[in-house]
Amino acid sequence: MALPNLTDAERKAALEKAVEARRKRADFKDQISSGKLTAEKALATAAADETLCKMKIADFLRTLPGIGKAKAQETLATLEIAETRRVRGLGKVQHSQIVDLCKRIDKRAAAAAKSA
């Protein structure tokens, strides 16, 4: 499929839209990693938002507290979810498995905050 020929104005508008989407995803990740947003709430937000649902599930998992690159890869392999899968592309079972994971992470974070 050939790329459409865009005018300079259309190209500029598309570039601005892409930059805004990247900013929105970066702000979202910052909210998760800073603890302003719980893991379960973050997943629900990402699934409902047109921009955030395009985030790869591996990136989402790496943003969660206590999960790095290796743990995210291990989790996705265990759940049989491709690393390239996006939040919007999760099936019902996969989504519920990720929700369960988020609940466990939120419980662990609450327990850590309570003991600190």
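Since every read-out is calculated from the coordinates, none of them should be taken as a lab result. In this text the structure is predicted, and so the values were computed from the model without any measurement. We place every Cβ from the backbone using ideal geometry, glycine too, and count neighbours over all the protein chains shown.
Under the Kirkwood approximation applied to all pairs of distinct alpha-carbon atoms, what is the hydrodynamic radius of the chain in Å?
Hydrodynamic radius (Kirkwood, Cα pairs) of the chain is 15.5 Å.
Between beta-carbons, use under 13 Å as the cut-off and find the net charge around Lys103, counting Lys and Arg +1, Asp and Glu -1.
On the way: positive: Lys41, Arg104, Lys107, Arg108; negative: Glu40, Asp100, Asp106.
Computed value for this residue: +1.
Put a dot 7 Å past each Cα toward the Cβ at Glu50 and Leu15; how far apart are the dots in nm?
Taking the simple label geometry, Leu15 and Glu50 are separated by 2.3 nm.
Taking Cα atoms of region 59-114, Rg/Rh with Kirkwood Rh, to two decimals?
When Rh is taken as the Kirkwood radius, the ratio is 0.98.
Between helix 39-48 and the chain, what is the angle of the helix's C-alpha long axis to the longest principal axis, kept within 0 to 90° and rounded to the nearest 10?
Result, in degrees: 30.
If one takes the longest principal axis of the Cα atoms in the chain, at what angle in degrees, from 0 to 90 and to the nearest 10, does the Cα axis of helix 8-34 lie?
10 degrees
First select every other residue whose beta carbon is under 13 angstrom from the beta carbon of Cys53; then total the charges, Lys and Arg +1, Asp and Glu -1. The partial results should precede the final answer.
Values: positive: Lys24, Arg25, Lys54, Lys56, Arg85, Arg86, Arg88; negative: Asp49, Glu50, Asp59.
That sum, taken over residues with Cβ under 13 Å, equals +4.
Listed highest first by mean packing, meaning other Cβ atoms within 10 Å per residue, what order do 23-29, 52-58 come in?
52-58, 23-29
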